[in-house]
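The values are calculated or read from the model by the stated rules, or taken from the named source; none is laboratory data. As the structure is a computational prediction, the values presented were derived from the model and not from experiment. For neighbour counting, all protein chains shown are included, and Cβ atoms are generated from backbone atoms with ideal geometry for every residue, glycine included.
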């Protein structure tokens with residue numbers, strides 16, 4: 001049985017037995033730990049950014065829980081997501097990855113990850129992958145009260161998608177890129193009321209409106 005408190009609005013923040021409010025998708029187990037410690041926190045290093053981008057590639061069409069369960073296996077299979085190593089993968093490496101039952105054995109996504117590594121290396125001439133992706137940070141961030149308020153894409157994620165595709169990146173659609181922007185703190189889509197709202201330090205936390213005193 002779930003240890004979650006009964007909520008009048010299950011679409012909003014859910015308060016768990018620990019007294020902390022989270023969205024419904026992050027209320028238990030592995031997903032809760034990920035939400036509490038990592039999701040929405042800034043990533044600025046190349047390898048970390050390439051890993052997040054690659055995991056979004058593999059997540060396309062699947063649940064994020066599936067990717068998290070296989071994350072360590074992905075790291076081993078892709079040499080810690082080092083772009084220099086991955087960009088040099090041969091046909092033998094592709095076959096090795098396709099035969100690895102511990103990861104997602106999708107040939108198109110495997111090939112895209114190798115191609116994306118080469119594109120990431122080329123971006124070093126212009127400051128690197130992380131700097132490039134962060135350059136699409138919007139002027140404001142959403143402030144969702146409920147899960148249904150959270151957008152699945154934005155003008156900036158659409159622009160980032162187009163820019164990455166122009167540089168040779170694959171599987172980087174606007175929805176994937178918005179999910180990446182959420183995961184690394186470029187936008188803060190923690191629900192207003194969640195204990196993680198504003199935890200990235202990038203965006204200020206909305207203060208509750210105070211009622212005006214009557215004179």
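What the table shows:
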item: Residue check for residue 51: surrounded by 15 or more Cβ atoms within 10 Å (Cβ to Cβ), in contact (Cβ under 8 Å) with a residue 12 or more places away in the chain and under 22 Å from the mean Cα position of the chain (by Cα); result: yes
item: Exclusive hit being surrounded by fewer than 16 Cβ atoms within 10 Å (Cβ to Cβ) and modelled with pLDDT of 95 or more, set 162, 130, 120; result: 162
item: Tabulated pairs, segment 73-97, first more than 18 Å from residue 58 (Cβ to Cβ), second part of a helix (DSSP H, G or I), C-beta under 7 angstrom, 6+ apart or interchain; result: 84/121
item: Condition broken by residue 202, with the remaining ones in (1) within 23 Å of residue 44 (Cβ to Cβ); (2) at pLDDT 95 or above satisfied; result: (2)
item: Residue under evaluation residue 60, criteria (1) in contact with a helix residue (DSSP H, G or I) (Cβ under 7 Å, 6 or more places away or on another chain); (2) surrounded by 13 or more Cβ atoms within 10 Å (Cβ to Cβ); (3) modelled with pLDDT of 95 or more; (4) under 20 Å from residue 114 (Cβ atoms), criterion not met; result: (3)
item: Candidate set from segment 19-37 (those that are without any contact (Cβ under 8 Å) to a residue 60 or more places away in the chain and part of a loop (DSSP other than H, G, I, E, B)); member that is surrounded by the most Cβ atoms within 10 Å (Cβ to Cβ); result: 27
item: Residue within segment 82-105 that is within 27 Å of residue 25 (Cβ to Cβ), in a helix (DSSP H, G or I) and touching a helix residue (DSSP H, G or I) at 6+ places or on another chain (Cβ under 9 Å) present; result: no
item: Residue in segment 165-195 that is farthest from residue 56 (Cα to Cα), counting only those that are surrounded by fewer than 21 Cβ atoms within 10 Å (Cβ to Cβ) and in contact with a strand residue (DSSP E or B) (Cβ under 8 Å, 6 or more places away or on another chain); result: 193
item: Matching entry among 178, 132 (being touching a helix residue (DSSP H, G or I) at 6+ places or on another chain (Cβ under 6 Å), free of Cβ contacts under 8 Å to residues at least 40 places away in the same chain and within 30 Å of residue 21 (Cβ to Cβ)); result: 178
